[in-house]
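Report on the following structure.
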Amino acid sequence: MPQYGDLTFLVSVKGKRKLLRIKENEDWQTQHGLVRMEDVVSTPYGGEVKSSLGVPFRVERPQLFDLIMGIKRQTQIMYPKDMGYICMKLGVGNGRTVLEAGSGSGGLTIALSWFSGENGTVHTFEAREEFYNLAKKNVAWAGVGKNVRFHHRDIAEGFGINDPTILNGKKADALFLDVRTPWDYLDHALEALVPGAPLAFLLPCVDQVSTLLLALEKGPFENTEVLEILVRPWKAVPDRLRPADRMCAHTCFLVFTKHQQKSPEWDSYLKLGTRERKQYAAKMKRLGLDMPDDDEQDFEHAEFQD
């Protein structure tokens, strides 16, 4: 049953959805009559409440998707299609500590809080005061955030690994960076993360992705991925099943990697094919490093054979 103070959807017979917070004596006036909040709180979710003119409205519980899409925004929107994958790749869950920068409008912060559970912790950093305040307001509006610590802080100063009010010496399990130049903060990220921790980045432009990839190659990072997520809905009509006319296509580039120390011994056991050896040689050239003599000879032979 809805309670006073809850966010609730009221849905008209035409499918129009009104997301509102139930407040005592603050009834909802519509063109189909007045919907009284005392009637709403006595109607179970999935049931129907009638207006003063006898018109029915369905009472629905908002889901995480609705909360994220319903917040007030002053920053670039991030869609649930991207957020869900980010949370899965970062392993967000109960008992884990996750870092986020920047907070923006707080959409991802809501998702991180939702999945982190009672024993998880989310530290979200935002340098701009107006976004810091907006994120706090949106997270509170969504009814989550008890496990979130908001920090009005420029991550150029680090993630507070030794700050008793932030990490206090305890390294985090994962990191999400949504900043313009994430490659500038990789050293700070490594300082704040446990070995093997996953990192995720959101970037709008191809040249930013290329710059980040070059920076990751120079550091202790492995298993780097670049991807985009496209969602194409279909018309749910059994005898006319076909794709919808519009879709949510490219919104951003997502980059994932892991903090991984490298060793010559590990590399010595790698068996590379012809194409992989060419890619390896190109990588060494980008990094300004020489290939080992044995590898160089083998590579020349492989190139000749190719």
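Shown here is the pair-distance distribution of the range 1-119: with all Cα-Cα distances grouped in 5 Å bins from zero up to the longest one, the shares run 2, 10, 19, 17, 14, 12, 12, 9, 4, 1, 0 percent.
Springs between Cα atoms under 10 Å define the GNM used for the chain, and in it the highest mean-square fluctuation of His32, His188, His152 occurs at His32. Helix-only arithmetic for the chain: the sum of -39500 (n - 2.57) across DSSP H runs with n ≥ 4, divided by the residue total, places the mean residue ellipticity at 222 nm at -9000 deg cm²/dmol. Computed from the Kirkwood radius of its Cα pairs, the Stokes-Einstein diffusion coefficient for the chain at 4 °C and 1.567 mPa s stands at 57 µm²/s. Note on Lys235: lysines with a C-alpha under 21 Å away, same-chain residues under 8 apart excluded, are Lys14, Lys16, Lys81. Model label sites at Lys171 and Leu230, defined 7 Å from Cα along the beta-carbon direction, differ in position by 3.9 nm. A crude spin-label estimate for the pair Trp28 and Lys283, with each label 7 Å from Cα along the Cβ direction, gives 5.5 nm.
Farthest toward the positive end of the dipole of the chain, out of Asn223, Pro243, Phe176, is the Cα of Pro243, where the dipole comes from beta carbon charges about the Cα centre. For the range 1-84, the set of GluC sites (Glu not before Pro) satisfying both a DSSP loop assignment and a count of at most 15 other C-beta atoms within 10 Å is given as Glu24, Glu26. When the trypsin sites (Lys or Arg not before Pro) in the range 20-81 are filtered for DSSP coil states and for at most 15 other beta-carbon atoms within 10 Å of their beta-carbon, the remaining sites are Lys23, Lys72, Arg73. Converting the Cα gyration tensor eigenvalues of the range 120-239 into ellipsoid dimensions via √(5λ) gives semi-axes, longest first, of 27, 23, 15 Å.
For chymotrypsin sites (Phe, Trp or Tyr not before Pro), the sites in the range 13-64 that DSSP calls loop and that have at most 15 other Cβ atoms within 10 Å are Tyr45. Between the amide H of Arg149 and those of Val122, His123, Thr124, distances stay under 5 Å, these residues lying 5 or more places away or on another chain, with hydrogens modeled in the peptide plane. The calculated FRET efficiency for the pair Asp267 and Ser12, based on their C-beta separation and a Förster distance of 45 Å, comes to about 0.10. Karplus-based coupling profile of the range 171-180, in residue order and whole Hz: 6, 8, 8, 6, 9, 10, 10, 10, 10, 5, with θ = phi - 60° in 6.51 cos²θ - 1.76 cosθ + 1.60 and x standing for Gly or Pro.
What ranking do 95-108, 3-16 get when scored by the average of other Cβ atoms within 10 Å per residue, highest first?
Working: 95-108: 24.6, 3-16: 13.6.
Final packing ranking: 95-108, 3-16.
Calculated translational diffusion coefficient of the range 154-207 (4 °C, 1.567 mPa s; Stokes-Einstein with Kirkwood radius over alpha-carbon pairs) equals 110 µm²/s. Put the Cα centre of the range 164-221 next to the Cα centre of the range 1-76 and the gap is 41 Å.
Under the shape rule built on the C-alpha gyration tensor, where the axes satisfy a ≥ b ≥ c, the range 62-157 is rounded, since a/c falls short of 1.5.
Values in this text are rule-based calculations from the coordinates and carry no lab data. All values reported here derive from a predicted model rather than from experimental measurement. Please note: Cβ atoms are built from the backbone with ideal geometry, for glycine as well, and neighbour counts cover all protein chains shown.
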